[in-house]
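So the structure is just underneath, and the comments pick up after that.
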Amino acid sequence: MVLLRQPIPHSLLHLLHCSYPFSSKLPSLKTRLSFPVKATTVMASSAKKVLVPIANGTEPMEAVITIDVLRRAGADVIVASVEKQLRVEAGHGVRIVADALISDCSGAVYDLITLPGGLPGATNLKNSAALESMVKKQAADGRLYAAVCASPAVALGSWGLLKGLKATCYPSFMEQLQSCATAVESRVQQDGIVVTSRGPGTTMEFAVALVEQLYGKEKANEVSGPLVMRTNHGDEYIIKELNPVKWTFDNIPQILVPIANGTEEMEAIMIIDILRRAKANVVVASVEDKLEILASRKVKLEADMLLDEAAKLSYDLIVLPGGLGGAQKFAVSEKLVDTLKKQRESNRPYGAICASPALVLEPHGLLKGKKATAFPAMCDKLSDKSETENRVVVDGNLITSRGPGTSMEFALAIVEKLFGRPKALELAKTMLFTHP
């Protein structure tokens with residue numbers, strides 16, 4: 001095998017991603033989220049090859065969280081569109097650009113094929129003959145396959161790939177699942193070479209379980225630590241609020257979410273998706289000179305407009321996702337910093353998560369006199385560290401949070417401030433973030 005250390009031309013990437021036929025049969029492992037299976041030792045491998053198919057209507061949180069977490073583990077993840085084009089119109093107005101078309105990937109061998117859910121995304125995946133053939137071969141060859149939300153019932157179950165196996169799915173599809181599997185209500189369920197899960201709020205646990213299947217428990221722990229995940233999965237979220245003020249808006253909240261090359265895609269997508277579920281008008285603005293950005297873990301996202309255009313509008317809230325590269329881009333964007341300063345001066349809400357409180361808000365004086373938190377490794381950059389151990393901190397019109405694993409709580413806290421806690425808890429249950 002030749003080790004390539006020079007940059008690979010983009011024209012060759014799809015061929016390498018989809019056609020290079022290395023594989024290893026994947027042994028089943030015990031995971032803390034699964035029912036017992038026979039434990040074996042993981043075979044050493046430089047990079048496991050993973051396929052994540054996406055479609056129009058795919059639930060973006062489920063797709064992006066899975067891709068992001070698996071890439072953090074070192075997996076070679078290929079995002080494949082089952083549509084006729086690479087650009088996919090995912091749920092809640094999120095646009096994702098795939099790495100390849102599914103037709104270009106059918107000859108390759110994968111250590112894992114994992115399906116996100118969402119409707120009509122799950123149905124569109126089920127109707128892809130190429131994908132069906134690939135997943136059936138995956139199962140026949142004894143290699144790992146997985147699905148979340150509607151897809152266990154709609155796709156895997158319809159293809160006959162859950163017969164005699166324990167599986168879970170989104171609650172409203174449990175009756176359909178019962179006709180093709182032994183349906184259980186676990187947040188993450190493993191049976192042999194199949195892993196299934198319930199919804200957006202269980203996807204990070206699901207993705208870490210997949211890392212454990214591919215690489216072992218030590219790697220799963222190594223990956224999950226920096227995510228700042230909750231230990232009390234399913235419980236109600238808690239926020240620390242100081243100096244409470246009412247966040248007001250006319251009719252529908254107008255919210256600006258900037259993104260840049262290097263933005264943490266999980267954080268951006270959870271914020272955008274959840275706020276749009278709450279019926280806020282979310283404008284996703286690129287601080288780059290084009291709409292498409294390459295996020296921290298190489299997910300390609302398309303913004304609604306450029307920041308120059310978005311900055312002409314007025315917002316009830318401006319909220320910054322994190323990611324080291326993205327936060328650095330935000331910090332040097334005069335347009336964005338000026339917009340944030342005007343937001344603060346007019347006493348309108350603004351917020352940030354992960355690296356952005358420390359790298360954007362702090363150096364520009366936007367945390368002056370405020371309590372905040374940030375990504376744990378960045379908290380030493382904050383002038384006031386007294387509340388940094390909290391997962392979400394609200395201080396008047398400012399809201400901050402810690403990282404990918406706190407993004408859902410962060411977004412739900414924003415929903416709570418805008419629409420009230422009952423609305424936020426209803427959303428949390430719908431997403432399976434808290435127990436239904």
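With Cα atoms defining each centre, the stretch 171-202 and the stretch 101-166 are spaced 14 Å apart in the structure.
Figure the gain on full extension for residue 217 and residue 250 (residue separation times 0.36 nm, minus the Cα-Cα span) and round it to one decimal in nm.
Length gained, residue 217 through residue 250: 7.0 nm.
Only one residue of 353, 131, 419 has its Cα farthest out toward the positive end of the dipole of the chain, where Lys and Arg carry +1 and Asp and Glu -1 on Cβ, and that residue is 131.
Packing order of peptides 317-323, 51-57, 118-124, 426-432, highest average first: 317-323, 51-57, 118-124, 426-432 (average count of other Cβ atoms within 10 Å over each peptide's residues). In the structure displayed, which of 166/423; 300/423; 84/300 lie more than 24 Å apart, Cα to Cα? From 166/423; 300/423; 84/300, over 24 Å: 166/423; 300/423.
The stretch 253-267 and the stretch 304-343 have their alpha-carbon centroids 9 Å apart.
Can you check what the net charge comes to around residue 85, using other residues whose Cβ is under 15 Å from the Cβ of residue 85 (Lys, Arg +1; Asp, Glu -1)? Neighbour charge sum, excluding residue 85 itself: -2. For the residue pairs 48/240; 126/298; 137/217; 279/342; 341/417, alpha carbon separations beyond 30 Å are given by 48/240. Summary value for the chain: 14 percent relative contact order, contacts being C-alpha pairs under 8 angstrom separated by 6+ residues. Phi angles of the stretch 138-149 translate, via the Karplus equation with coefficients 6.51, -1.76, 1.60 and θ = phi - 60°, into HN-Hα couplings of 4, 5, 4, 7, x, 9, 5, 9, 7, 7, 9, 6 Hz per residue; Gly and Pro are given as x. Just checking my list (i) -0.44; (ii) -0.40; (iii) -0.32 against log10 I(q)/I(0) by the Debye sum over Cα atoms at q = 0.07 Å⁻¹ computed from this structure; which label fits? Checked against the structure: label (iii). Sequence-ordered 3J(HN,Hα) estimates for the stretch 390-405 from the Karplus curve with 6.51, -1.76 and 1.60 and θ = phi - 60° stand at 6, 6, 9, 10, 10, 10, x, 8, 10, 10, 9, 7, 9, x, x, x Hz, glycine and proline given as x. Calculate how steeply helix 203-215 sits against the longest principal axis of the alpha-carbon atoms of the chain, using the helix alpha-carbon long axis, and give the answer as 0 to 90 degrees to the nearest 10. Tilt of helix 203-215: around 50 degrees. If you find the alpha carbon centre of the stretch 269-299 and of the stretch 354-397, how far apart are they in angstrom? When both Cα centres are located, 22 Å separates them. Report summary: the helix-based calculation at 222 nm, which adds -39500 (n - 2.57) for every DSSP H run with n ≥ 4 and divides by the residues of the chain, gives -8500 deg cm²/dmol.
The long axis of helix 60-72 is offset from the longest Cα principal axis of the chain by roughly 80 degrees. Axis of helix 334-345 versus longest Cα principal axis of the chain: the two differ by about 60°, to the nearest ten degrees.
Annotation: amide H-H contacts under 5 Å for residue 306 (H modelled 1.01 Å from N, sequence separation of 5 or more, or interchain): 286. In a DSSP loop and with at most 10 other Cβ atoms within 10 Å, the trypsin sites (Lys or Arg not before Pro) in the stretch 280-356 are 290, 312.
For the stretch 416-433, backbone phi angles converted through the Karplus equation (6.51, -1.76, 1.60; θ = phi - 60°) give residue-by-residue couplings of 4, 5, 8, 10, x, 5, x, 5, 5, 5, 4, 5, 4, 6, 4, 8, 6, 5 Hz, Gly and Pro being listed as x. Net charge within 14 Å of residue 178 by Cβ-Cβ distance, Lys/Arg positive one each and Asp/Glu negative one each, not counting residue 178 itself? Result for the neighbourhood of residue 178: 0. Taking 0.36 nm per residue of separation and subtracting the Cα-Cα distance, full extension of the segment from residue 47 to residue 338 would add 100.4 nm.
Proximity of backbone amide H atoms, modeled 1.01 Å from N, is registered between residue 89 and 56, 57 at under 5 Å, excluding neighbours fewer than 5 places apart on the same chain. Dipole check for the stretch 257-392: with +1 at the C-beta of Lys and Arg, -1 at the C-beta of Asp and Glu, and the Cα centre as origin, the magnitude is about 300 Debye.
In this structure, the amide hydrogen of residue 296, modeled 1.01 Å from its nitrogen in the peptide plane, lies closer than 5 angstrom to those of 262, 263, 264, 265, counting only residues at least 5 positions away or on a different chain. Here the stretch 194-323 has 49 percent of its accessible surface on carbon and sulfur atoms, given a 1.4 Å probe and all protein chains in place. Applying 1/(1 + (r/R0)^6) with r as the Cβ-Cβ distance of residue 236 and residue 386 and R0 = 22 angstrom yields a FRET efficiency of 0.35.
Counted by Cβ distance under 11 Å from residue 326, the other residues give a net charge of -3, where Lys and Arg count +1 and Asp and Glu count -1. Each peptide in 365-371, 265-271 was scored by the mean count of other Cβ atoms within 10 Å over its residues; highest first, the order is 265-271, 365-371. Of the options 121, 193, 107, report the single residue whose Cα projects farthest towards the positive end of the charge dipole of the stretch 82-216 (beta-carbon charges: Lys, Arg +1; Asp, Glu -1). Checking the options against the dipole of the stretch 82-216, the answer is 121.
The residues of the stretch 109-150 expose, per residue, 29 Å² of accessible area to a 1.4 Å probe. Using a probe radius of 1.4 angstrom, the carbon and sulfur fraction of the accessible surface of the stretch 62-174 is 52%. Mean separation of Cα pairs under 8 Å and 6 or more residues apart, divided by the residue count, gives the stretch 343-425 a relative contact order of 27 percent.
Taken about its Cα centre, the chain carries a charge dipole of roughly 620 debye when the Cβ of each Lys and Arg holds +1 and the Cβ of each Asp and Glu holds -1.
The values are calculated or read from the model by the stated rules, or taken from the named source; none is laboratory data. This is a predicted model, so every value here is computed, not measured. Quick reminder, even Gly has a Cβ in these numbers, built from the backbone with ideal geometry, and neighbours come from all protein chains shown. Heavy atoms of the whole protein, side chains included, go into the accessibility calculation; ligands, DNA and RNA do not. Shrake-Rupley method; radii C 1.70, N 1.55, O 1.52, S 1.80 Å.
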